[in-house]
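Student: Handing you a structure now.
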Amino acid sequence: MSGEELLRSRGLRVTRQRLAVLDVLDSDHGHLDVEQITAKVRGRLDSVSVQAVYDVLGALSRAGLARRIEPAGGPARFERRTGDNHHHIVCRGCGEIADVDCAVGAAPCLNPSQLHGYELDEAEVTFWGLCAGCQARRAED
């Protein structure tokens, strides 16, 4: 489905900024912060403000076309992979983030000891550790 079709399917107006942000998120397949997204969008458009990128990311997130993740101690990151209840692993050394698919069973993957009357529909887990590159650098020191 094209970017225009995706936006329309979620009831969003098609704008150059929205198309450019979608393209950046689709082409990078990573977990980018707003500054990284803005720099890449500026490579596609003549100019765009950081605030415009924040606005687009907010609209895309609310429409389910982007996902915002907020690892502790770091800036918010955005990705296009949505709706599958995957989790993340973050490197304590360099901040790299990788996706971790649901480990066991169906969503929400985890069973809390208490539900407090809630009906669960999602679990968000962040694992922390050292990536292979940081482990190698640590071993060299």
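Student: Condition (residue is in contact with a Pro (Cβ under 9 Å, 6 or more places away or on another chain), surrounded by 15 or more Cβ atoms within 10 Å (Cβ to Cβ), aliphatic (A, V, I, L, M) and at pLDDT 95 or above) applied to region 8-31: is it met by at least one residue? Explain how you work it out, then say what you get.
Tutor: We begin by selecting, within region 8-31, every residue in contact with a Pro (Cβ under 9 Å, 6 or more places away or on another chain); these are 31.
Filter once more, so that each one left must be surrounded by 15 or more Cβ atoms within 10 Å (Cβ to Cβ): 31.
Okay, now just the ones that are also aliphatic (A, V, I, L, M), so none.
There is no residue in region 8-31 that is in contact with a Pro (Cβ under 9 Å, 6 or more places away or on another chain), surrounded by 15 or more Cβ atoms within 10 Å (Cβ to Cβ), aliphatic (A, V, I, L, M) and at pLDDT 95 or above.
Student: Of everything in region 35-49, what is touching a residue at least 24 places away in the same chain (Cβ under 8 Å) and surrounded by fewer than 17 Cβ atoms within 10 Å (Cβ to Cβ)? Give them in sequence order.
Tutor: Initial filter on region 35-49 (touching a residue at least 24 places away in the same chain (Cβ under 8 Å)): 35, 37, 41, 44-45, 48.
Of everything in region 35-49, those that are touching a residue at least 24 places away in the same chain (Cβ under 8 Å) and surrounded by fewer than 17 Cβ atoms within 10 Å (Cβ to Cβ) turn out to be 35, 44, 45.
Student: Are any residues in region 72-94 over 19 Å from residue 12 (Cα atoms), surrounded by 14 or more Cβ atoms within 10 Å (Cβ to Cβ) and either in contact with an Asp or Glu (Cβ under 9 Å, 6 or more places away or on another chain) or modelled with pLDDT under 90 (or both), and if so, which ones?
Tutor: Correct list: 76, 77, 85, 86, 87, 88, 89, 90.
The values are calculated or read from the model by the stated rules, or taken from the named source; none is laboratory data. As the structure is a prediction and not an experimental result, all values here were calculated from the model. Glycine also receives a Cβ, built like all others from the backbone with ideal geometry; neighbour counts cover every protein chain displayed.
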